[in-house]
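These notes concern the structure reproduced below.
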Amino acid sequence: MATKATTLIIRYKAEDGTWKRADAAYSDNGRIKTGHAVINNKMVPVGPYQYQVRYYVDRRAQYKPAGTDAQEAELLRRKIEQEQTAKAIADDAGLEVVEHTADRETLDEAAKRYIKDRKDAKALDAAIDAELVLNGFRALAKRRRKTRVDELKADDVKTLNRLTCADQTRHKRYKRLRAWFRFLGADKKLYARELKPTFTLTNPHIYTKQQITDILAQASDCSEVAVRLGYQCGFRKQEIEHAMYRDIDWENCTISVSDKRWTDLYPAEKARKVQERVKVRLAEAEKAGRILRIDPILAFQVKDAEERAIPVPTEFLNRLKARRAMHLNDILIVPNSIGNPDQSLLATIKGLAKKAGLGTAGVDLHTLRRTWMTTLIRNGVDIRTVQHLAGHAKLETTLRYLRPTEGEELQGKINKVEW
């Protein structure tokens with residue numbers, strides 16, 4: 001079998017104004033480094049750019065446009081690679097190839113193939129998201145007596161868009177559906193530009209300094225630490241739940257976010273029993289065609305595999321030292337009553353906000369994280385550093401979290417400008 005590699009290429013505009021091609025760059029975790037090319041054996045950010053998939057037909061290079069979305073481009077590359085490999089095997093065996101096209105699949109088959117591809121690529125969040133979106137879309141399509149991909153029309157997508165939900169949710173659902181159609185090589189009319197839902201981005205909600213003070217005034221010692229991990233370290237919900245005292249570097253005043261094994265959380269025998277229960281649940285889910293966000297080895301996995309060390313304010317570090325001295329046998333910083341990860345943190349935060357007179361609408365742990373990022377920026381920490389500390393792969397993600405300066409603070413800055 002003789003077949004040349006199928007490669008993801010990034011076509012970018014160089015400093016001299018010419019368009020050039022280079023291999024797309026991949027991070028150590030195997031994911032594409034968005035907007036980066038391999039130039040002179042170095043990973044270099046480029047732009048503007050677009051991805052292409054390079055493959056060969058009769059020894060001649062072909063370039064298929066793959067857009068600007070790195071993950072969707074990699075999906076297309078993998079799909080073309082599978083097709084090219086199958087053709088090469090068939091040629092060697094003297095067999096005629098009947099190409100597998102989207103319109104020969106049922107909706108159920110096509111959905112399973114896409115979800116499996118996302119799982120194989122270790123994009124578990126995308127797989128779970130796809131399962132939810134495609135389950136809903138297939139149920140809707142079947143009510144309209146559509147069971148195969150080739151039976152779908154643009155009006156079916158419009159019907160999904162008309163379902164009652166938040167505008168941003170509708171937009172995200174459409175993006176997942178579009179990625180599925182592109183993966184299948186389906187008719188482009190199914191994801192034409194005019195079908196894309198629009199929504200107005202609102203300023204992200206953050207807490208004021210007084211609101212944080214009011215929340216902390218209602219907190220117990222344990223819940224205060226949970227709030228501060230979100231507000232002063234930018235931890236996500238599960239990062240707070242699985243934060244351990246061993247993560248703290250007392251000398252360098254940092255706390256790290258890293259993967260946690262079951263054996264890190266529990267004694268050996270208890271960890272073994274938990275792992276066995278996890279394996280049983282995974283087997284049951286596999287049999288039922290469902291996806292579970294659990295792992296037989298890891299109790300917690302860092303989002304996007306972005307382990308990081310975050311500076312801890314001195315005052316908070318001293319509070320952690322004092323708490324550690326009173327709880328020498330604890331492994332977790334914020335455990336529940338029996339020493340396990342506390343999965344009731346959201347309810348706890350909502351309760352504190354309600355007692356502080358803030359209500360519970362829109363209250364979540366991510367608001368603490370947004371407040372942390374915005375506070376860092378407003379106090380002079382550069383945006384790239386905030387992106388790194390937040391564990392974001394894309395700068396655009398960090399920007400979405402930030403609340404613009406406004407009110408008296410903005411007026412004060414404007415008044416200081418030398419016009």
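The values are calculated or read from the model by the stated rules, or taken from the named source; none is laboratory data. Worth saying up front: this structure is predicted, and the values here are computed from it rather than measured. Neighbour counts are summed over all protein chains in view; Cβ atoms, including those assigned to glycine, are modelled from backbone coordinates with ideal geometry.
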So is residue 142 farther than 16 Å from residue 181 by Cβ and out of contact with any helix residue (DSSP H, G or I) (no Cβ under 6 Å at 6 or more places or on another chain) or not?
yes
Scan the stretch 39-56 for residues that are closer than 30 Å to residue 115 by Cβ and out of contact with any Phe, Trp or Tyr (no Cβ under 6 Å at 6 or more places or on another chain) and report the count.
5
Counting just the residues of the stretch 275-324 that are within 14 Å of residue 229 (Cα to Cα) and among the β-branched types (Val, Ile, Thr), which one comes out surrounded by the fewest Cβ atoms within 10 Å (Cβ to Cβ)?
314
Positions within the stretch 105-127 being polar (S, T, N, Q) and crowded, with 18+ Cβ neighbours inside 10 Å, in sequence order:
none
Do we find that residue 214 is under 30 Å from residue 323 (Cα atoms), exposed (fewer than 13 other Cβ atoms within 10 Å of the Cβ) and outside the structural domain of residue 120 (by TED's automatic domain parsing) in this structure?
no
Output for the stretch 344-365, where each listed residue is within 22 Å of the chain's Cα centre (by Cα) and at pLDDT below 90:
362, 363, 364, 365
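Here is a yes/no grid of residues against (1) farther than 21 Å from residue 324 by Cα; (2) surrounded by fewer than 17 Cβ atoms within 10 Å (Cβ to Cβ):
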residue	(1), (2)
195	yes, no
203	yes, yes
223	no, no
233	no, no
240	no, no
246	no, yes
252	no, yes
262	yes, no
